[in-house]
Structures are given as C-alpha cells and as structure tokens.
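Undergrad: So that we are looking at the same thing, I have put the structure below in structure tokens.
The values are calculated or read from the model by the stated rules, or taken from the named source; none is laboratory data. All of these numbers come straight from a predicted model, not from anything done at the bench. As a convention, Cβ positions derive from the backbone with ideal geometry for all residues, glycine included, and neighbour counts pool all protein chains shown. Note: accessible area is taken over every heavy atom of the protein model, side chains too, but ligands, DNA and RNA are not part of it. Shrake-Rupley method; radii C 1.70, N 1.55, O 1.52, S 1.80 Å.
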Amino acid sequence: LANAQRAHWGSRLAFILAAAGSAIGLGNIWKFPYITGVNGGGLFVLVYLGCILLVGVPVLIAELYIGQKAQSNAVTAFERTHKPKTLWRLPGWLGLASAFFILSFYSVVGGWILYYTYLSITGQLLTPPPEEIGKTLTELFASPLTQTVCHFLFMATTVVIVMAGVKNGLERWTKILMPVLFLILVGLLVRVFFLEGFPKAISFLFSIHEGEMTAHGWMEAVGHSFFTLSLGMGAMITYGSYLSEKENLVRAAVAVAFLDTLIALMAGVVIFAIVFSFGLQPSSGPGLIFATLPVLFAQMTGGWLVATAFFLLIFFAALTSAVSLLEVVVAYWTESHGVDRHRSTVTNAVVIFILGLLSALSTNVLAEVKILGLTFFDLFDKMTSSYMLPIGGILISVFFGWTLGKQAALNAANRLGPVAVALLWITRIAAPIAVLLVLWNLVFGL
Ligand code: PFF
C-alpha cells in the first residue's frame, strides 16, 4: 500500500541521470586526480579500472535490484527482500553511518568549491601572479570562519534540494546540469591538448611505469571504486527503490559506471596536463585541483568566465552526490519512523553539519589533533572509503549472491542466462574475495 504513494523517477533517462548524478561528484573531479597523483599514476589507474569492472558494476546491479524489489529505504530493503528483523539489516545500518561520516567531510570540500566559485565570479581568483595562486587555498585552510561558513552554505543548499523530494528536487536539476558539466570538460580537454604537458599526462595516467603500489594504494583503489560509484552504503539501494519494476538494471549500471569513469579520466587528463605543463607537483594531495586549475584559467582569455562555469558545475556535481547521501538517511527516518520529510531532513543535516565542523577545523584549530596519526578530515575519509564502504559492499554482494541467490540474479539480468551466471559468481565469490584479500593485505600484510 505504501508503495502506491511512493515517489518514482519520471523516466528512464531521469533515473540514469540521477544515479549518474550521485556517482559523479567530488570523487571524480577532486579525489580521483589527487589520489592518482599520490599513488604514482598508471598502475593505480589500472587497478581502479579493474575494480570498477569486476566489483563495482556487479555490486551496483545488486544494490539497484535490492532497492527496486523492496521499494524501500536501505535498512528495510533487506527485510523486505529477505525476512523481517533479519540480521542482514546490518549493512543497512552501516550504510547510514557511512552516509553521516561521508557527507560530513564531503560538505567541507563542497564548501571549498563554493568559495572558489565565489572568487571566480568576483574576479579575485585569477588576479594573483601564477606562483601565488596556491596561496588562496592556504588562506582558506587557515581560516576557521571561512571554512565553517562555506561548509554551512553547502549543507544548507543540500537541505533545500532534499526537502523538495525526488521529482522536483533531484530530477529537475540533474537533467540539466550533468550534460553541461560534460560539455565543459570536453572543452577543457580540447584546451589542454595543446599544452606541452599533455603527452606526459597521458603516459602518467595510462602507462605502467616504475614504482610500485603499496598495500595502502591497493586499498585506496578498491575503496575509491566504491566511493566513486556511491556503493556500499545503500545510496544506490535508495535510488533503485524509486524505480518501477520494469527497468533493465544491467544496462543502467553499465551506463552509470561508464559515465562515471569517463568523467574521472577526463578530469584526470585535464589536471595532469596542467600539472606537467606548469611544473606543479602531481602528489600534492587534497589541494591538487585547487592549485592546478586556476593556473590554466589564468592563461586563458576570458579565464574568469571559464573558471566560474567550471567551479559552478563541480559545485552542482557535488550537490547531486551530497543529495544522495542525505537522501539515504532521510528516506530511512521518514519511512521507518514516520518522521515528517522536512523535519527529518533538517535534523539530520544539523547533526551532519556539526560532525563536519571537525573536518572543517582540521586544517586550522584542530590541525594538531590526530587520531591514529590522522586529522579528523583524513580519518573520516579513510575510515569510510577504505573500510566502511568496502565492507558494506561485500555484505551487500554476499546478501545478493547467496541469500537472494539465483532467482534474483536471473531477474536482475533480465533473464539472460550467461549474464545471470556471471553476476551470481562475481557477487558470491569473486568480488568478496578480491576485496577481502586487499583488506587483509592492508591490515596484516600478505
Ligand atoms: N560518488 C560520489 C562521488 O564520487 O563524489 C560520492 C558518494 C556519493 C559516495 C554518495 C557515496 C554515496 F552514497
């Protein structure tokens, strides 16, 4: 009965764009280039691509299927597809916790993007001489007030959209903004093609050169494949639940993973072409895109306009992902506890905002507070990407492969035998073992 009133996506395209909107975000444009830089390029990219194909796509299909079948939020979905009060609710709970932690630092980075958009519009971003462009970021990091205000503004925008609900909030915006983001990236790609660092960027990203991957690098590649596809925490279960029963999930999952990977690689090429053309450091960490892009924009005629458009679009890409993070939590409270949608959105956002202050202050007042050697920002990032999402992903995969089993695989694969068999074996055995091995290697060494 409840299903009759449940909101649904307006069309197939709307769904694919919304799922792609969740997947494509800071993970692609901010995080992928910087962790690739830190981990030395080629081999890391290869492992990451392998994870997307072998683990990411199958788990994505599994999540969408569970959501679509259950027509409910990420916790209840396990009960509806299996049995009431099942222990399999655990990955649902873990997912809610992941959503809290991820959104708390995600919003802080979203705030940086917002700040850069503001600086671009007002023309302040590109006025300093090139060698001083990096200073802007240092100043932002040093100011608790700016960090907090930007974090607040990002969170507040997310709240407004989530309150509007599935159709009016999520759908309308992603449909317009994702294609524009893509076009701008194509434009930048054409521009960097003429930079002297372009060939070097290609070889850095796509050829396997000397240097080796650490256990940590492996885990980061695995973890990032979950993060970038919004997997392992019920976001795709929730989005799948707004889908009517007829959708071809395999096709949808492949489309989403393809678009997500394409955008990450395009962003990677643009950023590393700039890095190698202007003698910047590939391994400079979370500040990478903020230190590189303005250098290029400053060289372009009408650079401030391109800069504004670009940061604005990253802001929207981040927003559509943040919305999906908050939606996981809100869907749970409204459906399972009957909390009013508006109240649930605001309450959860306030808690997440407060938690996020720990990350916002990690670059200044709390810079010296370290847990396991990490600042809060790094801790929340590592803890979710490297542990919570992969573990959530394994559990969801095993639930799909073993508990729901053959029938689910056949349905999810649209009755295509070979696809169903592949899906079953990957979710039952290959994906869990691959992720466990990498996790084991990280914790105990092989
Ligand atoms: N996939 C998003 C990105 O790459 O930016 C981040 C994300 C969104 C992770 C939603 C997890 C999630 F549930």
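Undergrad: With respect to the numbered conditions (1) more than 16 Å from the ligand (Cβ to nearest atom); (2) open to solvent by less than 30 Å² (accessible area, probe 1.4 Å); (3) not acidic (D, E), which one is the sole condition not fulfilled by V346?
TA: (2)
Undergrad: Name the helices (runs of 4 or more DSSP H) wholly within segment 230-336 that hold at least 2 residues that are open to solvent by 10 Å² or more (accessible area, probe 1.4 Å)? Quick ask: steps written out before the conclusion?
TA: Numbers: elements: 235-240, 249-277, 288-299.
Qualifying helices (runs of 4 or more DSSP H): 249-277, 288-299.
Undergrad: When segment 232-286 is examined, which residues are found to be among the aromatic types (F, W, Y) and either at pLDDT 90 or above or within 20 Å of N39 (Cβ to Cβ) (or both)?
TA: Once the filter is applied, which keeps residues that are among the aromatic types (F, W, Y) and either at pLDDT 90 or above or within 20 Å of N39 (Cβ to Cβ) (or both), segment 232-286 yields Y239, F258, F272, F276.
Undergrad: Checking V108 against (1) within 19 Å of the chain's Cα centre (by Cα); (2) among the β-branched types (V, I, T); (3) away from the ligand (no atom under 16 Å from the Cβ), only one condition comes out false. Which one?
TA: The single condition V108 does not satisfy is (3).
Undergrad: Any idea which residue in segment 80-105 is most open to solvent (accessible area, probe 1.4 Å), counting only those that are within 16 Å of the ligand (Cβ to nearest atom) and touching a Ser or Thr at 6+ places or on another chain (Cβ under 7 Å)?
TA: Only one residue fits best here, namely F101.
Undergrad: Quick check on segment 163-181: of everything there that is surrounded by 15 or more Cβ atoms within 10 Å (Cβ to Cβ) and not hydrophobic (A, V, I, L, M, F, W, C), which residue is farthest from A18 (Cα to Cα)?
TA: Ranking the qualifying residues of segment 163-181, first place goes to G165.
Undergrad: From (1) within 16 Å of the ligand (Cβ to nearest atom); (2) farther than 30 Å from L293 by Cβ, pick out the condition that doesn't hold for Q407.
TA: Single failed check for Q407: (1).
Undergrad: Limited to segment 37-51, what total is found for residues that are closer than 14 Å to D260 by Cβ and open to solvent by 10 Å² or more (accessible area, probe 1.4 Å)?
TA: Number satisfying all stated conditions: 2.
Undergrad: Now, a different point. Do you know which residues across segment 18-42 are polar (S, T, N, Q) and either without any contact (Cβ under 8 Å) to a residue 60 or more places away in the chain or near the ligand (Cβ under 10 Å from one of its atoms) (or both)? Give the steps one after another, and end with the answer.
TA: Of segment 18-42, the ones polar (S, T, N, Q) are 22, 28, 36, 39.
Passing the criteria: S22, N28.
Undergrad: Can you pull out the residues in segment 382-435 that are in contact (Cβ under 8 Å) with a residue 24 or more places away in the chain, closer than 21 Å to L90 by Cβ, of a type in the set (V, I, T) and open to solvent by 30 Å² or more (accessible area, probe 1.4 Å)?
TA: Within segment 382-435, I391, V398, T403, I429 qualify.
Undergrad: G211: under 24 Å from T36 (Cβ atoms), modelled with pLDDT under 90, away from the ligand (no atom under 14 Å from the Cβ) and not hydroxyl-bearing (S, T, Y), yes or no?
TA: Details: under 24 Å from T36 (Cβ atoms): yes; modelled with pLDDT under 90: yes; away from the ligand (no atom under 14 Å from the Cβ): yes; not hydroxyl-bearing (S, T, Y): yes.
Yes, satisfied.
Undergrad: Right, another one. For residues that are under 30 Å from A309 (Cβ atoms) and either assigned to a helix (DSSP H, G or I) or open to solvent by 60 Å² or more (accessible area, probe 1.4 Å) (or both), tally how many sit in segment 187-225.
TA: 20
Undergrad: With the checklist (1) within 14 Å of the ligand (Cβ to nearest atom); (2) closer than 30 Å to N248 by Cβ; (3) in contact with a Leu (Cβ under 7 Å, 6 or more places away or on another chain) in hand, flag the one item V45 doesn't pass.
TA: For V45, the failing item is (1).
Undergrad: Looking at A23, A18, A77, which one is surrounded by 20 or more Cβ atoms within 10 Å (Cβ to Cβ) and more than 21 Å from T174 (Cβ to Cβ)?
TA: The unique qualifying residue is A77.
Undergrad: Of the conditions (1) of a type in the set (V, I, T); (2) open to solvent by 70 Å² or more (accessible area, probe 1.4 Å); (3) in contact (Cβ under 8 Å) with a residue 60 or more places away in the chain, V160 satisfies every one except a single condition; which number is it?
TA: In the conditions (1) of a type in the set (V, I, T); (2) open to solvent by 70 Å² or more (accessible area, probe 1.4 Å); (3) in contact (Cβ under 8 Å) with a residue 60 or more places away in the chain, V160 misses (3) alone.
Undergrad: Here's another thing I want to ask about it. Can you tell me how many residues in segment 1-15 are assigned to a helix (DSSP H, G or I), in contact with an Asp or Glu (Cβ under 7 Å, 6 or more places away or on another chain) and surrounded by fewer than 19 Cβ atoms within 10 Å (Cβ to Cβ)?
TA: Summing the residues that are assigned to a helix (DSSP H, G or I), in contact with an Asp or Glu (Cβ under 7 Å, 6 or more places away or on another chain) and surrounded by fewer than 19 Cβ atoms within 10 Å (Cβ to Cβ) in segment 1-15 gives 1.
Undergrad: A further question follows. Which of the residues belonging to segment 364-381 are in contact (Cβ under 8 Å) with a residue 60 or more places away in the chain and open to solvent by 50 Å² or more (accessible area, probe 1.4 Å)?
TA: The answer is V365, and nothing else.
Undergrad: May I pose another question? Only one residue in T238, T261 is polar (S, T, N, Q), under 30 Å from T375 (Cα atoms) and within 16 Å of the ligand (Cβ to nearest atom). Which one?
TA: T261
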